[in-house]
1. For region A:32-73, how many residues meet the condition of being more than 20 Å from A:M127 (Cβ to Cβ), away from chain B (no Cβ under 14 Å) and surrounded by 15 or more Cβ atoms within 10 Å (Cβ to Cβ)?
2. What number goes with the only condition from (1) at the interface with chain A (Cβ under 9 Å from one of its Cβ atoms); (2) surrounded by 14 or more Cβ atoms within 10 Å (Cβ to Cβ); (3) more than 9 Å from the chain's Cα centre (by Cα) that B:H5 does not pass?
3. Here are some conditions: (1) in contact (Cβ under 8 Å) with a residue 12 or more places away in the chain; (2) within 14 Å of chain B (Cβ to nearest Cβ); (3) β-branched (V, I, T). A:V128 meets all but one. Which one does it not meet?
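Values quoted throughout were computed directly from the atomic coordinates according to the rules given, and no laboratory measurement underlies them. In this text the structure is predicted, and so the values were computed from the model without any measurement. Glycine gets a Cβ as well: all are built from the backbone with ideal geometry, and neighbour counts include every protein chain shown.
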Amino acid sequence: MAQASSQTLPASTPARSPYLVLFVSWLIPGGGHFLLGRRGRGALIFLAVLLSFALGLMMRGAMFQPKSGDLLTTLIQYGGFVADLASGLFYLLSVWLGYSQEDVAGHSHDYGAKFLVAAGLLNILAMVDAWEISAGKKD
Amino acid sequence: MKLSHFEAALLFALVSSVVLGVVTKKTDRERVRYGLYCFGSFMAALFGIAWVMHFLHG
């Protein structure tokens, strides 16, 4: 599939497996775009996701955990966890280094949790974009 | 670090607009225009909803 789709790639796009591009995009925000030679766009994505994630950490935002409860709690916790995880290396490093915060009351912490989730969701958009470029669906 | 609601919304609009601009459209010019359009739309919604809440709360 990757071979068939790479036949339609523009000459400026190095042939890369879309799965590799997707993985690198997840691990390092903007990394997939770098692999595909879109360095400017990759750098902008990296900086935007980093800024959002860093703001979330500095506001001591909570990271969601995959906890179960009633339907709404399960949706929020699992959805938030997936979104946090989508920040890739930023999430893994912050958890590993102990920056994962417990959920505490306060509007600033609440904004922080939203910035952490937003960083992951923005990276998902970037992952999809990199996948489509590597599959020859867009430039 | 403590930010006001306005400051947080401004920064959120900034990072979101950058990524939305980058991942959509075909040319750099279109991407810049769309990023600015998204940022402007965020700001319009921010101020619009703020005024609605101001009048609703009297």
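1. 1
2. (2)
3. (1)
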